[in-house]
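So the structure is just underneath, and the comments pick up after that.
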């Protein structure tokens, strides 16, 4: 007999937490989060830069099994450092996770998280940075699965060792091996701006108008997901707002002293908690 899974009454997508546990708990209290009635989606970057990366990871891991957390670039950085693939950077706040007794359980749990989540009933897609303009939703789902298999598979250490880099900048279906996986990683977890011909610019940061020759991925004129509702984080400079239809940025810069945002997908209402500054820089 097939088990019937009851759909939750409310689904809240929550922006980048980055180790800021107190604002997250305050936000859940403000929305009157009820695990029996509500489902939570997280845009990734659960950890790093904030003061409570370990306790944040533990807290989210203990949420109901239907909680969705997509991987962000800071989450992948933790996995890479934890696996010994790259050295820790001075600005990273991973140390308490790396020395915790439950570190292996936490890192293994994190490694099993998806890169993209699509809910056809709600009509929303969740990913950390966005979806490359050249990809339609079906292709994005397929490529996300490809990346997830690499992160979860037996050769995940080799993947993490080859994950970093800004090349290739242009998508080509003929890409193979680490170049292919690196591009997919950058598109889903680091992308902000593209050129007119669709190349990624990994150096460009800031607001929508800060780069005259670059195009935000979601305003690209040839974007193939214009009819999809896409929720994403990663871009704190947007402050959680965008005037483009069916585009929902919800990283509102919690760790930088701005806000932590929850978006109710059923009503599209935004609920925010004002945060104190936890980190310096970008």
Report summary line: If we keep only residues of segment 86-98 that are assigned to a loop (DSSP other than H, G, I, E, B) and under 21 Å from the mean Cα position of the chain (by Cα), then the residue surrounded by the most Cβ atoms within 10 Å (Cβ to Cβ) is 93
Query raised in the report: Limited to segment 49-70, what total is found for residues that are in a loop (DSSP other than H, G, I, E, B) and touching a helix residue (DSSP H, G or I) at 6+ places or on another chain (Cβ under 6 Å)?
Result: 1
**Report entry** segment 161-184: number of residues that are within 26 Å of residue 239 (Cα to Cα) and in contact with a helix residue (DSSP H, G or I) (Cβ under 6 Å, 6 or more places away or on another chain)
**Finding:** 1
Query raised in the report: How about segment 252-281: which of its residues are part of a strand (DSSP E or B), out of contact with any helix residue (DSSP H, G or I) (no Cβ under 9 Å at 6 or more places or on another chain), surrounded by 12 or more Cβ atoms within 10 Å (Cβ to Cβ) and without any contact (Cβ under 8 Å) to a residue 60 or more places away in the chain?
Result: 270
Query - Filter result (in contact (Cβ under 8 Å) with a residue 60 or more places away in the chain, assigned to a loop (DSSP other than H, G, I, E, B) and on the phi < 0 side of the Ramachandran plot) within segment 192-242 - result: 192, 205, 220, 222, 223, 224, 225, 228, 233, 235
Report summary line: Residues of segment 237-251 being touching a strand residue (DSSP E or B) at 6+ places or on another chain (Cβ under 6 Å), modelled with pLDDT under 95 and either within 21 Å of residue 49 (Cβ to Cβ) or surrounded by fewer than 16 Cβ atoms within 10 Å (Cβ to Cβ) (or both), in sequence order, are 238, 240
Query raised in the report: Restricting attention to segment 13-32, which residues are assigned to a loop (DSSP other than H, G, I, E, B), surrounded by fewer than 19 Cβ atoms within 10 Å (Cβ to Cβ) and touching a strand residue (DSSP E or B) at 6+ places or on another chain (Cβ under 7 Å)?
Result: 31
**Report entry** Qualifying position, being touching a residue at least 24 places away in the same chain (Cβ under 8 Å), within 18 Å of residue 44 (Cβ to Cβ), in a helix (DSSP H, G or I) and under 18 Å from the mean Cα position of the chain (by Cα), among 129, 150
**Finding:** 150
Query raised in the report: What is the one condition in (1) surrounded by fewer than 22 Cβ atoms within 10 Å (Cβ to Cβ); (2) at pLDDT 95 or above that residue 204 does not satisfy?
Result: (2)
Requested in this report: Return the total of residues in segment 41-70 being in contact with a strand residue (DSSP E or B) (Cβ under 9 Å, 6 or more places away or on another chain) and under 19 Å from residue 232 (Cβ atoms).
Outcome: 11
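With the structure loaded, tell me whether residue 46 is modelled with pLDDT of 95 or more and in a strand (DSSP E or B) or whether it fails that test. Walk me through how you get there before you give the answer.
Numbers: modelled with pLDDT of 95 or more: yes; in a strand (DSSP E or B): no.
When the stated conditions are applied, residue 46 does not pass them.
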Query raised in the report: Out of 138, 174, which single residue is surrounded by fewer than 22 Cβ atoms within 10 Å (Cβ to Cβ), closer than 29 Å to residue 221 by Cβ, more than 20 Å from the chain's Cα centre (by Cα) and modelled with pLDDT of 95 or more?
Result: 174
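Is one or more of the residues making up segment 212-219 within 16 Å of residue 127 (Cβ to Cβ) and in contact with a helix residue (DSSP H, G or I) (Cβ under 6 Å, 6 or more places away or on another chain)?
Looking through segment 212-219, none of the residues is within 16 Å of residue 127 (Cβ to Cβ) and in contact with a helix residue (DSSP H, G or I) (Cβ under 6 Å, 6 or more places away or on another chain).
The values are calculated or read from the model by the stated rules, or taken from the named source; none is laboratory data. All figures in this text were calculated on a predicted structure; none of them were measured in a lab. All Cβ positions, glycine included, derive from the backbone under ideal geometry; neighbour counts span all protein chains shown.
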